[in-house]
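Each remark here refers to the structure printed beneath this line.
The values are calculated or read from the model by the stated rules, or taken from the named source; none is laboratory data. What you are looking at is a predicted structure, and each value in this text was computed from that prediction instead of being measured. As a convention, Cβ positions derive from the backbone with ideal geometry for all residues, glycine included, and neighbour counts pool all protein chains shown. What goes into the accessible areas is simple: the full protein's heavy atoms, side chains included, and nothing from ligands, DNA or RNA. Shrake-Rupley method; radii C 1.70, N 1.55, O 1.52, S 1.80 Å.
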Amino acid sequence: MNLDDIIMLGDYNVDVSRPSTAKRKLDQFTKSKSLFQLIDVPTRTTVNTKSIIDHIYTNNQQLYNHKGVLNPGLSDHSLVYTSRKRLSVNKEKVFKTIRNYRNFDQTAFAHDVGNTDWLPVYNCETVNEACEVFQSLFMYHVNKHLPKKRIRVRASTAPWVTSEFLSLLDRRAYVCKLFDKCPCHFHRALKAEARRQCQRMKNALKKAYMSTCVERHKHNPKKLWQNIRLFWPNSKSSQSTIKQIADITDDKQKADYLNEHFCNTGKRIQSNINHDIDWDMFMPNSLPPVFELLDFTPDDISKAIDRLSNSGASSVDDITSLMVKSCKTELLNVLCYLCNMSIRQKCYPDIWKIAQVTPLFKQGSHVDPNNYRPISVLPTFGKLLERVIQKQCLEYLESNNLLSDHQFGFRANRSTGTCLIDFLHNVYSSIDKGQGCGALYLDLAKAFDCVEHETLLRKL
């Protein structure tokens, strides 16, 4: 069910005010589809009973601001009604949809997730089906506690700009209008003076802000460079939208064209690689014991969740790491079950393979697809499965000495700093021994895309 706005109403003949088997089944179905019931007062009243059997369901609870029950006296059933908000769309303005964290109650969210009946997940036979059911149940609580909010995207203001500077800009604009209406010498002088004042204040504010940033972030290079780039932005990545790619202007066609280009990049590069090389010469002489993935524990899942970044970025599943961390304890058992189920069935869940890909411009012509680098945002639960698998694989590689001592990337307790130390040590040792010393620097284009898969599989 991939509709943006769903509303279902009628006589369901199921009383949601009292627990029953029919109510439990109806709740499981509506929660799996992220539907909310709006009516909370009796819709059928008799001499002895009151029940809520006439319902209104929707997947956009925030769009319906008024709902209720009317009794015209025509039947023992009352009329149910709701009113939908009008959405005025201005084509000249840019809007985006975000999750509303303003009234987010983390304790209530964790409580609802903890009380979720995960039995439908455990009853699934395949991991693909189980992950889809799990994600539907989880998204029900996300939509309930973190409803979507539509906001207007406004131009960002430089951090050094003050209200006094904005007032000075308004005065400059006013003086410029006066000069346009009456271009006399007096108004010309006012215009020139207003421009000089704005420029002087702009330079002073920038200088003061830069000095403050250097002093505040002198021990944090990452934060320091983030602020420096505000003053000297990278012109290569200044274009946020792709206007044209290879004579294509339609947005969907551009996305399909870039997707096909990125998917086939590795194949094009590998077609130019010499496959006559005996790759077995790079294999170890003695093979270590056979590697097998062990069952994951809730503690493994907990550590993987803690390692997730605290950013609010989400993939196509619309689930962020903040949501998962908010109810970590309540999700440990079901996530551990899904990860172990994936390993036993030797199947990576399809729903966790779908990534949100953004083409990032590098340099050169904007219409050439080769000048874009794909940036993928993976689903949050997919990251967890990858990390618990990566932990066991890395422990196996490290314990059996299958990694070169000169590999510093993607390894614990190693970094670019230790790589430079090792390099400088070799240079200084050669100089002390009176030997010549040279360095050869290589930059591989599309390094991950052109990995020889057959050799990689043999090594794995």
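Mind checking the dipole of the range 15-64: about its Cα centre, +1 per Lys or Arg Cβ, -1 per Asp or Glu Cβ, Debye to the nearest 20?
Details: 8 positive and 4 negative charges, 41 e Å.
Here the range 15-64 has a charge dipole of around 200 debye.
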Report task. State the label only: which of [x] 25.1, 76; [y] 30.5, 106; [z] 25.7, 94 corresponds to Rg and Dmax of the Cα atoms in Å computed from the shown model? Result -> [y]
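For the peptides 134-145, 65-76, 202-213, 25-36, what is the packing order when you average, over each peptide's residues, the other Cβ atoms within 10 Å and list the highest mean first? Each step should come with its number before you reach the end.
Numbers: 134-145: 20.5, 65-76: 11.0, 202-213: 13.9, 25-36: 17.1.
Answer by packing, highest mean first, reads 134-145, 25-36, 202-213, 65-76.
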Requested in this report: With a 1.4 Å probe and every protein chain kept in, tell me what percent of the accessible surface of the chain is carbon plus sulfur.
Outcome: 53
**Report entry** Extension gain from Ser309 to Cys182, taking 0.36 nm per residue of separation minus the Cα-Cα distance
**Finding:** 39.9 nm
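Assigning unit charges at the beta carbon (Lys, Arg +1; Asp, Glu -1) and nothing else, what dipole magnitude in debye, to the nearest 20, does the chain show about its Cα centre? Before the final figure, lay out each step's value.
Numbers: 64 positive and 48 negative charges, 674 e Å.
My answer is approximately 3240 debye.
Compute the length gained on full extension between Ser20 and Ser156: take 0.36 nm times their separation in residues and subtract their Cα-Cα distance, giving the result in nm to one decimal.
Working: separation 136, 0.36 × 136 = 48.96 nm, distance 5.31 nm.
Net length gain for the segment: 43.6 nm.
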Query raised in the report: Label-point separation (nm) for Gln106 and Met201, each offset 7 Å from Cα along Cα-to-Cβ?
Result: 4.1
Report task. Would you kindly give the portion of the calculated P(r) for the range 331-405 that falls above 18 Å, as a percent of all Cα pairs? Result -> 60
Query raised in the report: Given a Förster distance of 41 angstrom, what is the FRET efficiency for Ala439 paired with Val214, based on the Cβ-Cβ distance and rounded to 0.05?
Result: 0.80
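If r is the Cβ-Cβ distance from Ser399 to Leu293 and R0 is 22 Å, what FRET efficiency results, to the nearest 0.05? Walk me through the numbers before you get to the answer.
Details: r = 15 Å, r/R0 = 0.67.
After rounding to 0.05, the efficiency reads 0.90.
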Requested in this report: Can you bin the range 16-172 into rounded, prolate or oblate? Criterion: square roots of the alpha carbon gyration tensor eigenvalues sorted a ≥ b ≥ c, rounded for a/c under 1.5, prolate for a/b above b/c, oblate for the rest.
Outcome: oblate
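Explain nothing, just the number: dipole magnitude of the range 308-460 about its Cα centre with +1 on each Lys and Arg Cβ and -1 on each Asp and Glu Cβ, in debye rounded to the nearest 20. List each step's numbers first, then the result.
Values: 16 positive and 15 negative charges, 56 e Å.
So the magnitude is around 260 debye.
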Report task. Name all residues of the range 370-403 having a backbone nitrogen under 11 Å from the label point set 7 Å from the Cα of Asp251 along its Cα→Cβ direction, giving them as ranges. Result -> none
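How far, in nm, would the chain grow between Arg344 and Leu424 when pulled straight, counting 0.36 nm per residue and subtracting the alpha carbon separation?
Working: separation 80, 0.36 × 80 = 28.80 nm, distance 4.68 nm.
This chain segment gains 24.1 nm when fully extended.
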Query - the range 356-390 residues near the modelled Arg268 label - backbone nitrogen below 17 Å, point 7 Å along Cα→Cβ - result: 359-375
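Using a 1.4 Å probe, what is the accessible area per residue for the chain, in Å²?
Numbers: 31370 Å² over 460 residues.
Value for the chain: 68 Å² per residue.
For the range 302-442, just say rounded, prolate or oblate: build the C-alpha gyration tensor, square-root its eigenvalues into a ≥ b ≥ c, call rounded for a/c under 1.5, and beyond that prolate if a/b exceeds b/c, oblate if not.
Numbers: a/c = 2.60, a/b = 1.53, b/c = 1.70.
Judged from the Cα gyration tensor, the range 302-442 comes out oblate (a/c at least 1.5, b/c at or above a/b).
Could you calculate the FRET efficiency of Glu454 with Met8 from 1/(1 + (r/R0)^6), where r is the beta carbon distance between them and R0 is 45 Å, rounded to 0.05?
Working: r = 53 Å, r/R0 = 1.17.
Plugging the Cβ-Cβ distance into 1/(1 + (r/R0)^6) gives 0.30.
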Report summary line: Here, trypsin sites (Lys or Arg not before Pro) of the range 366-434 satisfying both criteria (DSSP loop; at most 10 other Cβ within 10 Å) are Lys433
Report summary line: Which of Lys223/Lys353; Lys223/Lys362; Lys67/Lys144; Lys218/Lys328; Lys325/Lys446 exceed 27 Å between C-alpha atoms? The answer is Lys223/Lys353; Lys218/Lys328; Lys325/Lys446
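Grab the DSSP H runs of the chain that are 4 residues or longer, score each as -39,500 (n - 2.57), total them, divide by all residues and round the 222 nm result to the nearest 500 deg cm²/dmol. Don't skip to the end; give the middle numbers.
Working: 14 runs with 199 residues, N = 460.
The helix-only estimate for the chain comes to -14000 deg cm²/dmol at 222 nm.
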